[in-house]
Amino acid sequence: MVIFVFFLFFACSCASHKPVYHPKTKYSQQFPVKKYKKNKLPASAKPYKVNGRHYRPLIHAKGFSQKGLASWYGRDFHGKKTANGETYNMYAMTAAHKTLPLGTWVRVYNLRNGKQAVVRINDRGPFVRNRIIDLSYKAAKKLGVVGPGTAPVKIVALGMASSGSGGSAVASAPVKYIPVNYWKGNFTVQVGAFMDKNNAVNFKQKLAARYKNVHITKFSDFRGVFFRVRVGRYSNLDAAAKFSRELISAGAKQAFVVAE
């Protein structure tokens, strides 16, 4: 039997938050760009599934901004594990987000009162309709969200803090960010994955009749071995993204850019 696997879903959410998917959430960047050894994503970046809904964490947060409703979580979760393995501290400047890379620093603007604060994403959530970020108690208090419980906000990604400048779990604010070139590298477009190698080879041959640089990469995890079929090779993200849109228009609806 042919098994198509376009996304690998992993459950890595806050068990405390009730999951409700909000399809209108928009992002400024959605393409993975960083090169990972043997094409394996870090655990925190792997797509995951919560209550039947699928989420694909971003590989990077360059240019990311988003508007929506912020909420907060406090004493009931104080001392429990967060998505990145840390212990949640309601008095630290942290927050939960569904798709931003864990460890990303963001500036949160309260659009109701003009207050702002910088927080580090170390958890997943909130899985509640319309809400885009769950603030720690301390961050919510600084932004004036504790009383009303929610507030309209804008979040802007600042980047990943460099070592010794705010990247640790106890840091209160970032100082310096690691410069990363998100646009140059080795990119391709993944159009499908198979557990049967012969099926992957047959699919590759069909695509090769129309496209250049069709290739197969091998991936394995606890479920078994997958043969990923990918098309094209590009040295910059824009070209790869353009080609992925062409493939989607041609019928490969689940095509997406990956770094190699």
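The values are calculated or read from the model by the stated rules, or taken from the named source; none is laboratory data. Keep in mind it's a predicted model, so treat the numbers as computed, not measured. Note: ideal-geometry Cβ built from the backbone for every residue, glycine included; neighbour counts use all protein chains shown.
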First in segment 238-256 and in contact (Cβ under 8 Å) with a residue 40 or more places away in the chain, second anywhere and in a helix (DSSP H, G or I), Cβ under 8 Å, 6 or more apart: A255/S244; A255/L247; A255/I248; F256/S244
S65 of a type in the set (S, T, N, Q) and closer than 13 Å to V156 by Cβ: yes
Members of segment 78-99 that are among the hydrophobic types (A, V, I, L, M, F, W, C), modelled with pLDDT of 90 or more and under 25 Å from R56 (Cβ atoms): A95, A96
Every residue from segment 26-55 that is hydroxyl-bearing (S, T, Y), in contact with a Ser or Thr (Cβ under 8 Å, 6 or more places away or on another chain) and modelled with pLDDT under 80: Y27, S28
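Out of curiosity, is A70 surrounded by 22 or more Cβ atoms within 10 Å (Cβ to Cβ), touching an Asp or Glu at 6+ places or on another chain (Cβ under 7 Å) and at pLDDT 95 or above?
no
Before we move on, is L58 out of contact with any helix residue (DSSP H, G or I) (no Cβ under 7 Å at 6 or more places or on another chain), buried (at least 16 other Cβ atoms within 10 Å of the Cβ) and either at pLDDT 60 or above or under 14 Å from P126 (Cβ atoms) (or both)?
Criteria met by L58.
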